[in-house]
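Encoded as structure tokens, the structure appears first; notes follow it.
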Amino acid sequence: RGFHEEPSFSSSPDRRAHVEHLAAKIKFGYERRPMRQIGCETMCLGEDRFVLNGGFGRIVSWLKQQIPDVRMNMVVSCVSCTCSVPHGPDQGAAGGQGSAYRCVVGTRPTEVQKVPSRLVCRAAIITAPPAVLLGLNNASAITFEPPLSQERLASWRRMCAQAPGAPTHEKVVFRWLPGEVFWPEDVPLLASQNAHLCFENLHRFPGCEGQLLVHIWPGGSLHTSVQTDGEVVQAVLEVLSQMYPEVADRPSGLPWPQQFFVTRWGSDPFALGAYASAGLGSQPRDWASAAQPLPEHRSENSDVGSVVFFAGEHCAGALRQTTGGAFVSGAAAALRVLQVLQPGRLSVADEDRIIGDLAGFLWPRDPRLCV
């Protein structure tokens, strides 16, 4: 995953220790050993451990309480950072009097927002995935003015799907009644002969009783973008029947789940993939290029003059491909914007405190985001 590809860890003891940790984790998981026995479980940053009770919508709900103007169900169509724009009182921009409003964000009509709109601002943070930024689907494509450099576009192209609906990491979550659980209840991972399926036992966690999460890796026969929910669920249940024949051979057979949900991130026009990955021909500089603010052709060592910033898991360096990385990159981009708009207001200690406060609210059980 992303941590393994990070150049700074290519030959270091940290990288070797991390790879050994992942191998041990899988081995312990399949051998029914508790994950807490793995020594660096709480300190390893190369994994995704960002889970919120109530779902990730909790972040948006919290922001709506803090920010007076949060607009939902708006689809951005264009971002321009060409010149200063006069600020009118009805344009929904935020900032102090006399500020230079150098960014214009345009939206397209939707079923909810019937007419296009134009938002004028001093800075913008773009969190769309690389495939969306490349415009692979017209429903979500974003144009930039001035046009982005070919180098940046090539970097995005190497880290994302090449077409809408391309195979990607998908998931299926099942819920049975707690009394219907037919797999070992204390095992973190369930072994399958299908190399493209990985079963994660959520039943072990409070509030997730009866739940089983199935990771679908690309390259197999399951392709959620072109198959119905029923076809995907039936195929997974057949694999489970092979894993637990003693249950499948009962007169009642394998119990049908009470609920299930199938992801289709590959065909979702606003995702177009599960996460960024190092594609054929990718270079270490691709990840740094993806996160560089606009306008382009500025000094990479200074954000002075920057108007448009980028955030998301693909901008998170060694934490890419994780929701924790997406969170960290968003917070870091917001701090960069604040430093540009109000230079010198925050010290390093202030930034650390802000990240710690956010992490404490959103992820109180894990100290890693407080660093």
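Points worth noting:
- Members of region 161-187 that are part of a strand (DSSP E or B) and under 9 Å from G266 (Cβ atoms): E170
- Only one of the numbered conditions (1) in contact with a strand residue (DSSP E or B) (Cβ under 8 Å, 6 or more places away or on another chain); (2) assigned to a loop (DSSP other than H, G, I, E, B); (3) within 30 Å of T82 (Cα to Cα) is not met by A271, and that is (1).
- So T82, is it touching a Pro at 6+ places or on another chain (Cβ under 9 Å), in a loop (DSSP other than H, G, I, E, B) and either within 18 Å of G330 (Cβ to Cβ) or at pLDDT 70 or above (or both): yes
- Test set (1) modelled with pLDDT of 60 or more; (2) part of a loop (DSSP other than H, G, I, E, B) - V132 fails condition number: (2)
- Among residues of region 128-137 being in contact with a Cys (Cβ under 9 Å, 6 or more places away or on another chain) and open to solvent by 30 Å² or more (accessible area, probe 1.4 Å), the one that is farthest from G266 (Cα to Cα) is L134.
- Matching residues in region 195-234 - criterion: being at pLDDT 95 or above, assigned to a helix (DSSP H, G or I) and either among the charged types (D, E, K, R) or open to solvent by less than 30 Å² (accessible area, probe 1.4 Å) (or both): D229, E231, V232, V233
- Pair list, Cβ under 6 Å, 6 or more apart: region 268-281 residue more than 9 Å from P164 (Cβ to Cβ) and of a type in the set (A, V, I, L, M, F, W, C), other residue open to solvent by 50 Å² or more (accessible area, probe 1.4 Å) and assigned to a loop (DSSP other than H, G, I, E, B): A271/W265; A274/W265
- In region 263-286, of all residues being surrounded by 15 or more Cβ atoms within 10 Å (Cβ to Cβ) and of a type in the set (F, W, Y), the one that is nearest to H223 (Cα to Cα) corresponds to W265.
Residues checked against (1) open to solvent by less than 30 Å² (accessible area, probe 1.4 Å); (2) of a type outside the set (K, R); (3) at pLDDT below 85:
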site	(1), (2), (3)
V307	yes, yes, no
H314	yes, yes, no
T323	no, yes, yes
A326	no, yes, no
G330	yes, yes, no
F361	no, yes, yes
R365	no, no, yes
L369	yes, yes, yes
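- None of P147, P167 is at pLDDT 85 or above, touching a His at 6+ places or on another chain (Cβ under 9 Å) and open to solvent by 70 Å² or more (accessible area, probe 1.4 Å) except P167.
- Complete set of residues in region 55-70 that are free of Cβ contacts under 8 Å to residues at least 60 places away in the same chain, outside any helix (DSSP H, G or I) and open to solvent by 70 Å² or more (accessible area, probe 1.4 Å): I67, P68, D69
- Flag for R122 being over 16 Å from F270 (Cβ atoms) and under 23 Å from the mean Cα position of the chain (by Cα): no
- Candidate set: region 109-119, residues that are in contact with a strand residue (DSSP E or B) (Cβ under 8 Å, 6 or more places away or on another chain) and open to solvent by 60 Å² or more (accessible area, probe 1.4 Å); chosen: the one farthest from S267 (Cα to Cα): R118
- Condition check for C160: closer than 17 Å to L272 by Cβ and out of contact with any Lys or Arg (no Cβ under 8 Å at 6 or more places or on another chain): yes
- Of everything in region 170-194 that is open to solvent by 30 Å² or more (accessible area, probe 1.4 Å) and of a type in the set (D, E), the residue that is farthest from E246 (Cα to Cα) is D186.
The values are calculated or read from the model by the stated rules, or taken from the named source; none is laboratory data. All values derive from a computational prediction rather than experimental measurement. Heads up, the Cβs are rebuilt from the backbone with ideal geometry, glycines too, and the neighbour counts pull from every protein chain shown. What goes into the accessible areas is simple: the full protein's heavy atoms, side chains included, and nothing from ligands, DNA or RNA. Shrake-Rupley method; radii C 1.70, N 1.55, O 1.52, S 1.80 Å.
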